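The values are calculated or read from the model by the stated rules, or taken from the named source; none is laboratory data. As the structure is a prediction and not an experimental result, all values here were calculated from the model. Cβ coordinates were reconstructed from backbone atoms using ideal geometry, including for glycine residues, and neighbour counts include every protein chain displayed. For the accessible areas, the whole protein counts, side chains as well, though only heavy atoms, and no ligand, DNA or RNA atoms are used. Shrake-Rupley method; radii C 1.70, N 1.55, O 1.52, S 1.80 Å.
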Amino acid sequence: MTDSTIQSFDLKRNYDRVRDEISVAIQRVLDSQSFILGAEVQSFESDIQRYLEVDTAIGCASGSDALLLALMALGIGKGDEVITTPFSFFATVSCITRLGAIPVFADVDEGDYNLRPEQIEEKITPKTKAILPVHLFGQMCRLEEAMPRLRERGIAVVEDCAQSFAAHRVVDGVLHRSGAWGDIGCFSFFPTKNLGGYGDGGMLTTNDAQIAHRLKSLRVHGSSQTYFHEEVGLNSRLDALQAAILAVRLRHIEEWTEERRAIAARYALLFGEKGLLDRVRVPLDARGNRHTYHQYAACFEKRDELKKYLDSKNIVTRVYYPLCLHQQPCFSYLGGKEGDCPVAEKLTGEILALPMYPELSEEEQMCVVGAIADFYAAN
Ligand SMILES: *Cc1c(COP(=O)(O)O)cnc(C)c1O
């Protein structure tokens with residue numbers, strides 16, 4: 001049976017476009033028999049520095065580790081407060097609690113799903129050490145409003161850029177790249193991310209030389225000279241094979257990002273043509289933002305029934321995220337409860353991510369939107 005399923009992402013189609021280049025890169029690493037850090041990783045770190053226009057890029061083992069290392073480098077620990085979003089992937093918050101610090105949840109905006117600037121300011125206390133905004137689904141958080149106050153108070157900004165590689169935001173004519181706006185940027189190269197490797201991987205970016213020095217030590221057991229340890233760090237390195245693969249994929253990221261944006265624009269157009277904009281709230285592409293559409297996450301009436309219907313038509317959709325982080329059982333000791341972040345909680349019942357990847361065809365998109373129109377015609 002040939003599979004007519006429309007997947008939410010399809011890594012094989014993407015691999016077919018770069019297969020030959022990837023083979024050359026992998027063979028080069030195998031021939032070198034140098035696998036840990038070394039020239040391949042350094043070269044990829046330089047590529048990232050150039051691309052993001054940052055002083056330092058530091059490879060590590062995953063996006064989750066990047067977040068943990070960032071907070072460690074800032075000296076965040078027991079009793080410190082970190083303001084963050086309840087509407088994100090788990091790793092955004094586990095890095096905080098792992099260090100004994102306290103996540104303080106601020107509510108999000110219904111339009112861009114990101115932390116609301118005025119909510120950030122409201123949550124600042126004398127214990128606030130950092131804020132950890134997430135640029136969710138590929139769209140940057142509006143940080144400019146809170147930034148002056150944060151700077152003034154010496155509160156660090158750690159950007160979770162796991163979903164926002166290549167995103168930027170223009171404010172008053174100044175372009176801020178995801179990962180180059182705050183004090184530290186944290187990236188994930190998990191295979192399904194916009195810049196994905198073929199395994200786990202992560203990256204930290206910073207313009208602060210002292211933080212860079214500390215991060216480089218923390219990723220190799222807290223040692224800047226082999227076998228001498230200033231502190232207890234992690235073993236968290238980007239390996240040479242992933243670096244070589246990612247360097248190839250980075251060369252295509254602009255093209256793939258534009259393809260994602262074109263697909264998003266076409267979804268919005270198709271929903272309009274079908275007269276569905278009263279039942280579907282398409283994602284906001286905020287002015288000045290380059291949304292990179294890691295996910296095409298829209299809000300739908302009767303979301304759960306719609307998802308079931310699409311499942312029955314072999315159209316794969318996903319719910320990011322079905323439960324807010326302040327309501328997760330493992331964080332119940334923090335006392336979070338329903339009603340703390342009403343906007344985020346409401347989104348968990350409405351949001352649905354449609355198929356989105358650079359190779360998604362126009363026919364497939366028409367099929368997805370056609371099925372949604374059929375569902376609403378009957379419901
Ligand atoms: C994927 C993701 C992470 C974690 O990245 P890993 O590389 O899987 O550890 C962190 N934050 C967000 C928002 C993510 O989407």
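Summary table below
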| read-out | value |
| --- | --- |
| Count of residues meeting criterion [surrounded by 24 or more Cβ atoms within 10 Å (Cβ to Cβ) and more than 15 Å from the ligand (Cβ to nearest atom)] in the stretch 77-88 | 1 |
| Near pairs, Cβ below 7 angstrom, 6+ apart or cross-chain, from the stretch 185-197 (charged (D, E, K, R)) to any residue that is surrounded by 20 or more Cβ atoms within 10 Å (Cβ to Cβ) | LYS193/ALA162; LYS193/GLN163; LYS193/PHE165; LYS193/HIS294 |
| Odd one out for ALA212, checked against (1) in contact (Cβ under 8 Å) with a residue 24 or more places away in the chain; (2) open to solvent by 10 Å² or more (accessible area, probe 1.4 Å); (3) more than 12 Å from the ligand (Cβ to nearest atom) | (2) |
| Residue within the stretch 336-343 that is free of Cβ contacts under 8 Å to residues at least 60 places away in the same chain, touching an Asp or Glu at 6+ places or on another chain (Cβ under 6 Å) and more than 16 Å from the ligand (Cβ to nearest atom) present | no |
| The stretch 13-27: number of residues that are surrounded by fewer than 13 Cβ atoms within 10 Å (Cβ to Cβ) and either touching an Asp or Glu at 6+ places or on another chain (Cβ under 9 Å) or of a type in the set (S, T, N, Q) (or both) | 3 |
| Subset of the stretch 89-115 [of a type in the set (Ser, Thr, Tyr), within 13 Å of the ligand (Cβ to nearest atom) and in contact with a strand residue (DSSP E or B) (Cβ under 8 Å, 6 or more places away or on another chain)] | THR92, TYR113 |
| Total residues in the stretch 123-150, condition of a type outside the set (Asp, Glu), in a loop (DSSP other than H, G, I, E, B) and at pLDDT below 95 | 1 |
| Qualifying residue in the stretch 46-58 (condition: under 23 Å from PHE165 (Cβ atoms) and within 13 Å of the ligand (Cβ to nearest atom)) | no |
| Helices (runs of 4 or more DSSP H) completely within the stretch 19-122 that count 2 or more residues being charged (D, E, K, R) and on the phi < 0 side of the Ramachandran plot | 38-52, 117-122 |
| Any chance GLY182 is within 13 Å of the ligand (Cβ to nearest atom) and either over 17 Å from ALA70 (Cα atoms) or surrounded by 24 or more Cβ atoms within 10 Å (Cβ to Cβ) (or both) | no |
| Test for ALA162: is it crowded, with 19+ Cβ neighbours inside 10 Å and modelled with pLDDT under 95 | no |
| Residue list for the stretch 165-179, restricted to those being in contact with a strand residue (DSSP E or B) (Cβ under 9 Å, 6 or more places away or on another chain), touching a residue at least 12 places away in the same chain (Cβ under 8 Å) and surrounded by fewer than 24 Cβ atoms within 10 Å (Cβ to Cβ) | ALA166, HIS168, VAL170, HIS176, ARG177 |
| Residues satisfying the stated conditions in the stretch 118-159, i.e. farther than 23 Å from ALA73 by Cβ and surrounded by fewer than 20 Cβ atoms within 10 Å (Cβ to Cβ) | GLU118, GLN119, GLU121, GLU122, GLU144, GLU145, PRO148 |
| Meets criteria (among the aliphatic types (A, V, I, L, M), open to solvent by 10 Å² or more (accessible area, probe 1.4 Å), at pLDDT 95 or above and under 19 Å from the mean Cα position of the chain (by Cα)) for ALA70 | no |
| Residue check, THR205 part of a strand (DSSP E or B), within 16 Å of the ligand (Cβ to nearest atom) and hydroxyl-bearing (Ser, Thr, Tyr) | yes |
| GLU350 of a type in the set (Asp, Glu) and under 30 Å from ARG169 (Cβ atoms) | yes |
